[in-house]
C-alpha cells in the first residue's frame, strides 16, 4: 500500500469515526502520562478496542487492569528507550503488528534561550525543550517508519505527530518551544510525500492538564475569558486522533484541536500547509513542487 500525498482540500470534522476498525490494532503513544492530551488518546483507543502501549517517564496507575494496556518507562530523548517501546508494542499485539503511532511527548516551561542573565559569561542553554519536543519526535518517526516497513504492505500504517498552534502562529518569549513545534510541522510536510505511511499533525489550543502549575493555569484562564474563549475538551483530541487513525483517506493534514466556540466539533483541518489562500501561492507551490525531487532523500551536506 502506497501513500502518495494529494491535496484534496480540508477534511470535514463533523464526520464520525468507524472505531470498530481499531479492534486489536496496536497503538504506541509517547508521553501519555495520566492526564492531558496523551491520557485522552489512551482512553480513546482503549475504548475502541486497540492494544495501547504508553511510553512515558512517569507511570500511570490508570488502565492497569485492562489487558490491552501496557506501560513502558521511556525518556523519548534516549534512542534505546524508544526502541524497547516499539519492540514491546509489537510483541504485545495479537497480530504482532504496529498500526498507529502518536508522537505526543512534549514539554514547555522555562526557555533557556530567551532568558537573559546577569553574569558576565553566558551559560550554555540546556535545550531540553528542543530535545524532547523535536529530537524525541524524530526518533519516534524513524522507529515508526522502520517497523511499519517490516509488516504486510496491505496493512494501513498511521503516524500522528503532536505539534501545537505554535507550529503556525507566533509565540513571543518561547523560541525553544516554537522552533521545536515548527520543526515538527516541517517533519510532517517532508514525510507526507515519502509514500511510506500516512502522517498527520495535531495542533492543540490551550489544554488544562494536571501538570500545569495553578498560577499559570489561572493566568491562561483569565486570558481565555477576556478573549471570549475557553480550554479545549480533551475528549475532542481523542476523537480527532481516532478519526485520523480510522480514515485511510486522511493524509498529510494539520488539525487544530480547538475550543467548541471555534468549531462545534472541537477540532478542524488547519488547511494551511499547501499555500492555497495566499497572494504568493503560485510561486510558493511551484517551489514546493521543485523541492519534491522524487521519493529519495535529498543530500543537503553540500548546502
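Laboratory data are not the source of any read-out in this text; all were calculated from the coordinates shown. Here the structure is a predicted model, which means the values were calculated and not measured. Don't worry about glycine lacking a Cβ; one is built from the backbone with ideal geometry, like all the others, and counts go over all protein chains shown.
What is the Cα convex hull volume of the stretch 120-181 when expressed per residue in Å³? Write out the running numbers ahead of the final one.
On the way: hull volume 5.0 nm³, N = 62.
Spelled out: Cα convex hull of the stretch 120-181, divided by residues, is 80 Å³.
Go ahead and estimate [θ] at 222 nm for the chain from helices alone: -39,500 (n - 2.57) per DSSP H run with n ≥ 4, summed, over the residue count, rounded to 500. Before the final figure, lay out each step's value.
On the way: 7 runs with 93 residues, N = 303.
Taking each H run of at least 4 residues, the total per residue is -10000 deg cm²/dmol.
Ratio of alpha-carbon Rg to the 2.2 N^0.38 Å globular estimate for the stretch 40-111, to two decimals, please. Write down the numbers at each step before the final one.
Details: Rg = 12.6 Å, N = 72, 2.2 N^0.38 = 11.2 Å.
Dividing the Cα radius of gyration by 2.2 N^0.38 Å gives 1.13.
Hey, what's the Kirkwood Rh for the stretch 1-158 if you take every pair of different alpha carbons, in angstrom?
Values: mean 1/r = 0.0580 Å⁻¹.
Radius from the Kirkwood sum: 17.2 Å.
Given labels modelled 7 Å from the Cα in the Cβ direction, how far is it in nm from residue 112 to residue 127?
For residue 112 paired with residue 127, the spin-label model returns 0.9 nm.
For the stretch 149-205, what value does the Rg/Rh ratio take when both radii are computed over Cα atoms and Rh is the Kirkwood radius, given to two decimals? Mind showing how you got there, number by number?
Details: Rg = 13.7 Å, Rh = 12.4 Å.
With Rg and the Kirkwood Rh in hand, the quotient comes to 1.11.
With a 10 Å Cβ neighbour count serving as the proxy for reagent exposure, in which order, fewest first, do 148, 45 appear? Before the final figure, lay out the partial values.
Numbers: 148 21, 45 27.
Lowest to highest Cβ neighbour count: 148, 45.
Report the percentage of all Cα-Cα pairs in the stretch 89-149 whose separation exceeds 14 Å, rounded to a whole percent. If you can, show how the numbers build up before the last one.
Working: 1233 of 1830 pairs.
Summing the P(r) tail past 14 Å for the stretch 89-149 gives 67 percent.
Mind jotting down the three principal axis lengths of the stretch 27-78 based on Cα atoms? Whole angstrom, largest first.
Principal axes ranked by extent give 30, 19, 18 Å for the Cα atoms.
Express in nm, to one decimal, how much length is gained between residue 276 and residue 231 on full extension, taking 0.36 nm for each residue of separation and deducting their alpha carbon distance. List each step's numbers first, then the result.
Working: separation 45, 0.36 × 45 = 16.20 nm, distance 2.94 nm.
Difference between extended and current length: 13.3 nm.
If you rank 135, 244, 257 by fewest surrounding Cβ atoms within 10 Å, what's the result? Walk me through the numbers before you get to the answer.
Values: 135 16, 244 26, 257 29.
Ordered from fewest to most neighbouring Cβ atoms within 10 Å, 135, 244, 257 come out as 135, 244, 257.
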